[in-house]
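Asker: Below is one structure. I have some questions about it.
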Amino acid sequence: MVRLVFNRLLQALIVLLLMSFAVYGLMGLMPGDPIDLMISADPSLSSADAQHLKALYGLDQPIVERWFHWLISSLSGNLGYSRLYAAPVWEILQPALGNSLLLLGGSFLLSLAIALPAGVFAALKPASMRDYCINSLAFAGVAIPTFWLGLMLIALFAVTLGWLPAGGTGRLQAADWWDRLDYLVLPVVTLTIANLASHTRFLRGAMLEVLRQDYIRTARAKGASTRRIVFKHALRNALIPVVTVLALEFGALFSGALVTETVFAWPGVGKLIYDAILGNDFNLALLALLLATAMTLLGNLLADLAYAWLDPRIQYR
Amino acid sequence: MGRPAIRWRFLRHRLVLGGGLVLLVLGLLSLSAPLGETLLGLDGDQVNLLQRLQEPSAHHWLGTDELGRDVLLRLLYGGRVSLLVGLVGAVVAAIIGTGIGLLAGYLGGRWDTLLMRITDGVIALPLLPLLIVLAAVDLQKLGLPANLIQAETVSLYRIIIIVALFGWTQVARLVRGATLSVRERDFILAARSIGAGPLRIMAVHILPNVTSPIIIATSLSVGHIILLESVLSFLGLGIQPPLPSWGNMLSHAQEMLWSAPWLAIYPGALIFITVMACNFLGDGLQDALDPRSQSSG
């Protein structure tokens, strides 16, 4: 077990290093390098000055060397400044992380609260009318473009009915968090509908799998009621894969809500990554992307570990 | 399982047929966009600032957008782009995935481990942010010729390449699995014994036997790729205007929600319908080609 974790962590580290190099290289290929931006701010600079500046900041070095320098200074704690926000990147990331956590956590709980009964309800009578209806809804949920769903909800609840704000995080004078609650409703609902479909199908599948097992037949044979079978015998085992989903979703925390956050101007990590890439904020984009990758890899590892811990039949080499 | 199961199967097949039919109609309508232009007496690219944001009328059936262009015609032309990206992107991804899956499954051993590790790595990456980075790369800095970069269709090729770069993993896994079982069969041994090389065995003897997983995974990925294209175009990084796609038609719709909410409805509804039809079709093909799979039925 310890060896497995060690191996996986090592593997994740390699992926991260490769990713950091790839993204670093890609950033250099994006329009507008730092010197261009300086020149556009000061028209009196000549091309000779530009060359001089490039040499001064080391931008005339080969890409591998530059990446290595970046890596060394990042590992020693110097993560750089954000160009867009004029502050250390870590100070920008922290509040965004909190906002994303609020949005994704809320939507995950809501989604599970609906998907759990729906999945169990559908799995209890496979191929029935109710199974068919729930399945069709899930099918529709998978196919709906998240950003369009968000736009439609804004059109209905913010534009036509005027019940809820169209985006942002709160009023200027907002004193407490419940004062900002209405700003959470539309993004959380959008994200929930986007995730609900896969959660429901997942739970239905897990429940069907469990209901096919011998111990369920035994429980039926000894005369246990359906309710007892579902809650006492089946559901607990069907929940094991759900824990896996939870771990995977934790990994997606950094980037999973990028579209929803952008549509609703919710200042989470996803929107931060998007703004940083479009705004030539290399330091911020690089760090946020790498953290997003690290979280995803960590989530995958946690999912595997949780699975092995909850289901003793699973053995990892 | 008796009557409900039969009804279920029947319904599924009707949905599959429906999905195919919807895709066929959408494809034909998109292809006939120039015909629509002559019938309506309009030009799809014609900007007319005097007729901005008109509501649907007899002349403009679905109204006009913020530059006075006819929304119906732009939807038809956008359909061409979105369907093309979905289809070509899925096929290119399938070709990459089939190659990697065949190599991993047939060569086995260290190659298998390496290729599957790479596949796992790609699956674990945060997809959307990476797509955004790739879509933001300046082609000029890649050293591509200027006349290619300035071509209107360059964003089309770019998006197809980007989605294919990340869309091959599912096919690769399925093809590898199928190859592993085909590899052990006697006719492979026979082919090897008469001196066929690995490339020939993979292309002539294994490939025809692993077509079902390829077809299933490809058809299921079409809808997914259309969704990805629409998201990137919506964010302003996919298909670049004036070339219309259903995604980029929505990128200005958010600012127009107060003045012209109908603009936001049609493109998204078309994406929704198309993706759903693709998924129904892919699911049905899975039922038909892989009788053992009971995953969704």
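Asker: Under a straight-distance cross-link criterion of Cα-Cα below 20 Å, which aspartates and glutamates are reachable from A:LYS271, leaving out those fewer than 8 residues away in the same chain?
Answerer: Here the aspartates and glutamates satisfying the reach criterion relative to A:LYS271 are A:GLU91, A:ASP182, A:GLU249, A:GLU261, A:ASP281, B:GLU229, B:GLU255.
Asker: Please list the helices of chain B that count as membrane-span-like by this rule: a mean Kyte-Doolittle hydropathy of at least -1.0 together with Cα atoms stretching 24 Å or more along the helix axis, each helix being a complete DSSP H run.
Answerer: Working: long enough: B:3-31 (42 Å, 1.00); B:71-107 (53 Å, 1.83); B:211-234 (34 Å, 1.52); B:262-289 (41 Å, 1.22).
Length and hydropathy pass: B:3-31, B:71-107, B:211-234, B:262-289.
Asker: Something else: Want the number for B:ASP45 to B:ILE96: 0.36 nm per residue separation, take away the alpha-carbon distance, what's left?
Answerer: Length gained, B:ASP45 through B:ILE96: 14.8 nm.
Asker: Applying 1/(1 + (r/R0)^6) with R0 = 30 Å to the Cβ-Cβ distance of B:LEU142 and A:SER198, what FRET efficiency is obtained, to the nearest 0.05?
Answerer: 0.25
Asker: If you fit an axis through the alpha-carbon atoms of helix A:282-310 and take the longest principal axis of the Cα set of chain A, what angle between them do you get, 0 to 90°, nearest 10?
Answerer: 20 degrees
Asker: Given a 10 angstrom Cα cut-off, can you work out which residue in B:ILE95, B:ILE162, B:ILE118 is the most mobile in a GNM of chain B?
Answerer: B:ILE118
Asker: State the extension gain, in nm to one decimal, for the chain segment bounded by B:ALA288 and B:SER193, taking 0.36 nm per residue of separation less the distance between their alpha-carbons.
Answerer: 30.7 nm
Asker: Next question, about the same structure. Classify the range A:2-86 as rounded, prolate or oblate, taking a ≥ b ≥ c as the square roots of the eigenvalues of its Cα gyration tensor: rounded when a/c is under 1.5, otherwise prolate if a/b is larger than b/c and oblate if not.
Answerer: Verdict is prolate for the range A:2-86.
Asker: Which semi-axes, in whole Å and largest first, does the equivalent ellipsoid of chain B have when worked out from the alpha carbon gyration tensor as the square roots of 5 times its eigenvalues?
Answerer: Gyration-tensor ellipsoid for chain B: 41, 25, 16 Å.
Asker: Roughly how many nanometres apart are two label points built 7 Å out from the Cα toward the Cβ at A:ILE114 and B:ALA151?
Answerer: For the pair A:ILE114/B:ALA151, the computed spacing is 4.5 nm.
Asker: Can you give me the three principal axis dimensions of the protein assembly as shown from its C-alpha atoms, in Å, biggest first?
Answerer: 86, 67, 64
Asker: Taking the Cβ of A:LYS271 as the centre, find all other residues whose Cβ is under 14 Å away and add up their charges (Lys, Arg: +1; Asp, Glu: -1).
Answerer: Working: positive: none; negative: A:GLU261, A:ASP275, A:ASP281.
Surrounding charge for A:LYS271 is -3.
Asker: Mind checking B:131-140 for the average number of partner chain beta-carbons within 10 Å of each residue's beta-carbon?
Answerer: Average neighbour count from other chains, rounded to a whole number: 5.
Asker: Then there is this: If I build a Gaussian network model for chain A, linking alpha-carbon pairs within less than 10 angstrom, which residue out of A:GLY223, A:GLY98, A:GLY168 has the largest mean-square fluctuation?
Answerer: Among A:GLY223, A:GLY98, A:GLY168, the largest GNM mean-square fluctuation belongs to A:GLY223.
Asker: Please build a GNM for chain B, connecting alpha carbons under 10 Å apart, and tell me which residue among B:ALA164, B:ALA253, B:ALA196 fluctuates the most.
Answerer: Judging by the Gaussian network model, the answer is B:ALA196.
Asker: As I understand it, the dipole of chain B uses +1 on the Cβ of Lys and Arg and -1 on the Cβ of Asp and Glu, about the Cα centre. Which of B:GLY109, B:ILE273, B:ALA146 lies farthest toward its positive end?
Answerer: Farthest towards the positive end: B:GLY109.
Asker: Other chains' Cβ within 10 Å of A:272-285 residues: what's the mean?
Answerer: 2
Asker: Follow-up question, since we're still on this one. May I ask you to list the lysines whose Cα is less than 28 Å away from that of A:LYS222, ignoring any residue fewer than eight positions away on the same chain?
Answerer: Reachable lysines: A:LYS125, A:LYS232.
Asker: Could you calculate the contour length gain from A:ALA306 to A:MET1, that is, 0.36 nm times the residue separation minus the distance between their Cα atoms, to one decimal place in nm?
Answerer: 108.6 nm
Asker: Please label the shape of chain A as rounded, prolate or oblate, based on the square roots a ≥ b ≥ c of the eigenvalues of the alpha-carbon gyration tensor (a/c under 1.5 means rounded; beyond that, a/b larger than b/c means prolate, else oblate).
Answerer: Details: a/c = 3.04, a/b = 1.68, b/c = 1.82.
Note, shape of chain A comes out oblate.
Asker: Now for a separate question. Please state the charge dipole magnitude for the protein assembly as shown, taken about the Cα centre, from unit charges on C-beta atoms (+1 on K and R, -1 on D and E), reported in debye and rounded to the nearest 20.
Answerer: Computed about the Cα centre, the dipole is about 3340 debye.
Asker: Given +1 on the Cβ of Lys and Arg, -1 on the Cβ of Asp and Glu, and no further charges, what dipole in debye does the range A:94-310 carry about its Cα centre, rounded to the nearest 20?
Answerer: 1300 debye
Asker: Please give the FRET efficiency for A:ILE14 paired with A:LEU278, using the beta carbon to beta carbon distance and R0 = 22 Å, rounded to the nearest 0.05.
Answerer: 0.15
Taken together, the values in this text are just the output of simple stated rules run on the coordinates, not laboratory data. Everything quoted here is computed from the prediction, not taken from an experiment. Cβ: placed from backbone, ideal geometry, glycine included. Neighbour counts: every protein chain shown.
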